[in-house]
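Report on the following structure.
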Amino acid sequence: MKTIIESLGDLSIVLQGYVSSWEEVEEGGEHLRWEEGDPAAAFSLLRHIGLGWTTVDQALHQAQHTLHGIEELARRADEEPLPNNDDVSASAEAVTRLAHVYDFNTTLLAQSGLVQGLHQYLHHHPSLHQYHALSVSDLAHLGLAAVNKGFFSVGVEFLGAARTRAVHSHTHTHRNTWGEYTLKTLDDLLGTSIKVHNHVLEMRGPRSLNHATASTPYGNHGGGVLDRGGVSDGEELKKQRMQGEIRSQTKQKKKTKQGHIMMEDNKQCEEEEWKERRIHKSNRKGEKHMGVKEREGHVAKEEENKEEVRVDVVLGVEYLKRHGNKTWMVDERPLVERLQMERLCRGEELRSSSVTSKLVCRYMNGGSAWLLLAPFKVEQVALDPSITLVYGVLGREEATQVRVKAVPHLHQPFNNIKPTRRHTSTTATDHKNTNPTLKHTWMREEEAIPLQKLGRRLHHLLGVAITDDNSEPYMVADYGLGGSYDPHRDTHGPLRTPPRATVGERMATVLTFLQPPAQGGLTVFPWVGAGVGGVAGAAVVWWNLLASHEHDFLTRHAACPVLRGYKWIMTKWVGYRGQWRSLPCPADPSRKVTRPSH
């Protein structure tokens, strides 16, 4: 009898903690809508089950010999693929990366469940209304995860938001089955994280590939840790960081302005001399019939375009010039690429209007009679290299069929796979997976009729052989919670042998959106300065090789974190060997493929 009472008592405590944890999750929103793809709600649920059920499962098994009625619950973990500790860690990392890339307002996130970035393209977006607010323990867990991941300013702000929420809560101790947080505990954690943040900032600067801090340290009131008799909350911490960044930008602008003033006199003289030379070059094509005023207008327009070039980014030819500088490539290139990727993810336009004004949208049939009466809508994303977005290559029902077929076979990317009927390729994307929430699988054309139809449509539009005999199978990927992919190239390169000699190198990439995310998840090209969002049934097409068979370094690309919703894509890599008839080598080895061209 005593044994049974003790077992029931221990089990009651564990179960009560699990129920309390669920009630804390429910407090985040009156009407939880998991189907909306809310990353905050998904993390709370994952953490509640992944960490809480482990404790419950252990207690159930210990009491199983006395409580036969719970056998069905005890078997749950064996019969269902429930999330575990690794899943919780992966989701925490994903959410903290979202906060870092999109610069979340963690105070609003803690108070009202509104995920609102500070950047213009996220403002007023109707899909950003969140139905779930993170609990104190959720925010604290995310804060610690962010610090461990190297997102120090994000960690400080999450812990500050946790403290803010705890102060306004009627509960003194926020307890779950995996631990508890009191106000004193949160004060200690926040104070320590601020000290670590300031130390890293002082020793290593605000940014590297492995860490990110605010541009200025958190300090005392007016810059500080202590405020109103205690540790400052998330809103105050956020304000401090933004004020510090504004001060840094102001200093930079002053330096730039001083430099312009010092150069102004010389610039005016050079300007007049340069314009005079341009006016009197009457032997140049198109100028000998120009009047003086027309020439001056032409010169002024060129000067305007010249001044418009962005000096804070490295794009196109400028990147290729630096490509031969080994010191820059090793020491600076990785961070520059990461920063430009994040700016593109936030919706910034890195290119000048003189470049983007040349991009057009039009109907194209690729010169195929089969598409003459039903051409595709094609949007030019970039001219060099040629990146296009082709609309309507796959229907809604066709995309659904592909997803349903792929779901049972999804797995995390890995290196050492034995070739099978399904896994027929060890690819350039099978390197160490930096996104534990991403899962993929390989599908051949014969496995789904929509794949055969898609291949036929792309063949007529692009004029290339795109069957499984001339290219790799389709790779279907589900990006999961906050899913992203670091910058990479698709080609195997000179040191990596293509999996099938008959296919050859990956000449082109066709990325089709089976299900685009509601927000975030752009595909961006850091060295082109272009980003493209997902449209259901559309495909992004770009060419990875020059005519010389050399890799086009500008085609390095990345997948931005999925902010809201679900992202499913399907990728087809077009092999080089099967195109020798339709795409013969041109005389100019630096020439690039620009299909579709008509």
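The values are calculated or read from the model by the stated rules, or taken from the named source; none is laboratory data. Note that the coordinates shown come from a computational prediction; the quantities given were computed from them, not determined experimentally. Note that each Cβ is placed from the backbone with ideal geometry, even for glycine, and that neighbours are counted across all protein chains shown.
Does A547 qualify as being aliphatic (A, V, I, L, M) and closer than 29 Å to V402 by Cα?
Working: aliphatic (A, V, I, L, M): yes; closer than 29 Å to V402 by Cα: no.
In short, no.
Can you find a residue that is farther than 30 Å from V464 by Cα and among the aromatic types (F, W, Y) anywhere in region 356-378? Outline the logic, then answer.
Step one: list which residues in region 356-378 are farther than 30 Å from V464 by Cα, which gives none.
Checked region 356-378: no residue is farther than 30 Å from V464 by Cα and among the aromatic types (F, W, Y).
Looking at E342, E379, which one is surrounded by 13 or more Cβ atoms within 10 Å (Cβ to Cβ) and not assigned by TED's automatic domain parsing to the domain that holds V540?
Values: E379 fails: not assigned by TED's automatic domain parsing to the domain that holds V540.
Of E342, E379, the one residue that is surrounded by 13 or more Cβ atoms within 10 Å (Cβ to Cβ) and not assigned by TED's automatic domain parsing to the domain that holds V540 is E342.
Any idea how many residues of region 83-138 are more than 26 Å from D486 (Cβ to Cβ), at pLDDT below 80 and of a type in the set (A, V, I, L, M)?
4
Which condition number does G482 fail, the rest of (1) buried (at least 23 other Cβ atoms within 10 Å of the Cβ); (2) on the phi < 0 side of the Ramachandran plot being met?
Only one criterion is unmet by G482, namely (2).
Residues G150, G160, G205: which one is within 28 Å of the chain's Cα centre (by Cα), at pLDDT 85 or above and closer than 28 Å to T54 by Cα?
Values: G160 fails: closer than 28 Å to T54 by Cα; G205 fails: closer than 28 Å to T54 by Cα.
Unique residue meeting the criteria: G150.
Identify all residues within region 534-543 that are in a strand (DSSP E or B) and closer than 22 Å to K567 by Cβ; write none if there are none. Write out each step before concluding.
Let us first name the residues in region 534-543 that are in a strand (DSSP E or B), namely 539-543.
Of everything in region 534-543, those that are in a strand (DSSP E or B) and closer than 22 Å to K567 by Cβ turn out to be A539, V540, V541, W542.
Go through region 460-479 and give me each residue that's charged (D, E, K, R) and either closer than 10 Å to W573 by Cβ or without any contact (Cβ under 8 Å) to a residue 40 or more places away in the chain (or both).
Just the residues of region 460-479 that are charged (D, E, K, R), to begin with: 468-469, 472, 478.
The answer is D468, E472.
Please find, among D490, D430, D469, D486, the residue that is assigned to a loop (DSSP other than H, G, I, E, B) and at pLDDT 90 or above. Don't jump to the end; show me each part of the working.
Numbers: D430 fails: at pLDDT 90 or above; D469 fails: at pLDDT 90 or above; D486 fails: assigned to a loop (DSSP other than H, G, I, E, B).
Checking each option against the conditions leaves just D490.
Residues in region 8-31: is at least one among the charged types (D, E, K, R), surrounded by fewer than 20 Cβ atoms within 10 Å (Cβ to Cβ), modelled with pLDDT under 80 and under 27 Å from V147 (Cα atoms)?
Among the residues of region 8-31, at least one is among the charged types (D, E, K, R), surrounded by fewer than 20 Cβ atoms within 10 Å (Cβ to Cβ), modelled with pLDDT under 80 and under 27 Å from V147 (Cα atoms), which makes the answer yes.
On the basis of being more than 25 Å from C560 (Cβ to Cβ), modelled with pLDDT under 80 and among the small types (G, A, S), does G50 make the cut? Spell out how you get there, then give the answer.
Details: more than 25 Å from C560 (Cβ to Cβ): yes; modelled with pLDDT under 80: no; among the small types (G, A, S): yes.
No, not satisfied.
Can you pull out every residue in region 504-523 that is assigned to a strand (DSSP E or B) and surrounded by fewer than 23 Cβ atoms within 10 Å (Cβ to Cβ)? Reasoning before the result, please.
If we filter region 504-523 for residues that are assigned to a strand (DSSP E or B), which is where we start, we get 506-515, 519-520, 523.
Result: T509, Q515, Q519.
Please go through region 526-536 and pick out each residue that is surrounded by fewer than 24 Cβ atoms within 10 Å (Cβ to Cβ) and touching a Pro at 6+ places or on another chain (Cβ under 9 Å).
Scanning region 526-536 gives G533, V535, A536.
Filter region 524-533 down to residues that are of a type in the set (G, A, S) and part of a strand (DSSP E or B) and give me whichever is farthest from the chain's Cα centre (by Cα).
Kept after step one, since they are of a type in the set (G, A, S), are these residues of region 524-533: 529-531, 533.
Subset that is part of a strand (DSSP E or B): 530-531.
Details: A530: 14, G531: 11 Å.
Filtering region 524-533 for residues that are of a type in the set (G, A, S) and part of a strand (DSSP E or B), the one farthest from the chain's Cα centre (by Cα) comes out as A530.
Which residue out of L344, L339, L350 is in a loop (DSSP other than H, G, I, E, B) and modelled with pLDDT of 90 or more?
L350
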